[in-house]
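The values are calculated or read from the model by the stated rules, or taken from the named source; none is laboratory data. Everything numeric in this text was worked out from a predicted model, so none of it was measured. With ideal geometry, Cβ positions are generated from the backbone for all residues, glycine too; neighbour counts draw on all protein chains shown.
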Amino acid sequence: MKARQYKIYIVASADEEIGHVVDRIMQLDFNIVLERVLVADCMSLLRDTIPDAIIVEEKNSVENFLMEIGSKYRNLPIIVLSDSDSYSKGLQMIEEGAEDYICQDQIERLDVAIARILKKSSYSSKTDIRSGLYSLEEEILGMCYDEQIY
């Protein structure tokens, strides 16, 4: 039987160093495909492919990113990496929709966070995400139809 393949987006700017994140993830005992994604491209990519998780660094306007992703893809796990070790900032990120908040000086926690997400990732969670997307598309189509009537 072929091992399930998991897809993780690493949201980073073009010049941002992500080697430390890639190295940690590739040591895990999962069949993982990593894809570097620019913040500006993430929403359009999500229309075609829904990853099992997203990792984003806090410096990438993460508050807006969490709100935008969370409003359309509620069950999509997002891990926020930060240079800060502020407990209140971490709590804020969790309240805004992040699955986990990991400080750079505790990068080893990324292993546990990714493993936890991938283990609980299941067909039903992707189905929930897709059904939310279809509902949104139906709503938009309905608005377009209403505009044509008037």
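Is it the case that region 71-86 has a residue that's of a type in the set (S, T, N, Q), within 21 Å of ARG116 (Cβ to Cβ) and in a loop (DSSP other than H, G, I, E, B)?
Of the residues in region 71-86, the ones of a type in the set (S, T, N, Q) are 71, 75, 82, 84, 86.
From the residues that got through so far, the ones that are within 21 Å of ARG116 (Cβ to Cβ) too are 75, 82.
Now drop any that are not in a loop (DSSP other than H, G, I, E, B), which leaves 75.
Yes, the conditions are met somewhere in region 71-86.
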* Structure fact -> Filtering region 74-101 down to residues that are under 17 Å from ILE32 (Cβ atoms) and without any contact (Cβ under 8 Å) to a residue 24 or more places away in the chain yields ASP100
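Considering only residues that are hydrophobic (A, V, I, L, M, F, W, C), under 13 Å from the mean Cα position of the chain (by Cα) and surrounded by fewer than 17 Cβ atoms within 10 Å (Cβ to Cβ), which ones fall in region 40-65? Working first, answer last.
Here is the first cut: in region 40-65, the residues hydrophobic (A, V, I, L, M, F, W, C) are 40, 42-43, 45-46, 50, 53-56, 62, 65.
After this cut, where a residue has to be under 13 Å from the mean Cα position of the chain (by Cα) as well, the list is 42-43, 45-46, 50, 53-56, 62, 65.
Listed by number, the residues that qualify are MET43, LEU45.
For the structure I just gave you, tell me whether GLU35 is among the acidic types (Asp, Glu), modelled with pLDDT of 90 or more and within 12 Å of the chain's Cα centre (by Cα). Talk me through it step by step, then tell me what you get.
Numbers: among the acidic types (Asp, Glu): yes; modelled with pLDDT of 90 or more: yes; within 12 Å of the chain's Cα centre (by Cα): yes.
In short, yes.
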* Of (1) touching a Gly at 6+ places or on another chain (Cβ under 8 Å); (2) within 27 Å of ALA3 (Cα to Cα); (3) of a type in the set (Phe, Trp, Tyr), TYR101 satisfies all except one. Which? -> (2)
* Members of region 25-37 found to be free of Cβ contacts under 8 Å to residues at least 40 places away in the same chain and in a helix (DSSP H, G or I), listed by number -> MET26
* Among (1) among the β-branched types (Val, Ile, Thr); (2) part of a helix (DSSP H, G or I); (3) closer than 30 Å to GLU137 by Cβ - the single one VAL22 does not satisfy -> (3)
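Determine whether region 17-32 contains at least one residue that is of a type in the set (Phe, Trp, Tyr), in contact with a Phe, Trp or Tyr (Cβ under 9 Å, 6 or more places away or on another chain) and either under 17 Å from ALA113 (Cβ atoms) or modelled with pLDDT of 90 or more (or both).
Start the filter on region 17-32 by keeping residues that are of a type in the set (Phe, Trp, Tyr), which leaves 30.
Applying the additional criterion that residues be in contact with a Phe, Trp or Tyr (Cβ under 9 Å, 6 or more places away or on another chain) yields 30.
Then drop every residue that is not either under 17 Å from ALA113 (Cβ atoms) or modelled with pLDDT of 90 or more (or both), which leaves 30.
Within region 17-32, one or more residues are of a type in the set (Phe, Trp, Tyr), in contact with a Phe, Trp or Tyr (Cβ under 9 Å, 6 or more places away or on another chain) and either under 17 Å from ALA113 (Cβ atoms) or modelled with pLDDT of 90 or more (or both).
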* To do: Could you please find all residues in region 38-55 being under 18 Å from SER121 (Cβ atoms), touching a Phe, Trp or Tyr at 6+ places or on another chain (Cβ under 8 Å) and either assigned to a loop (DSSP other than H, G, I, E, B) or among the β-branched types (Val, Ile, Thr) (or both)?
  => ILE50, PRO51, ASP52, ILE54, ILE55
* Asked: Can you tell me which residues in region 91-118 are under 16 Å from the mean Cα position of the chain (by Cα), farther than 20 Å from ILE25 by Cβ and part of a helix (DSSP H, G or I)?
  -> ILE94, GLU95
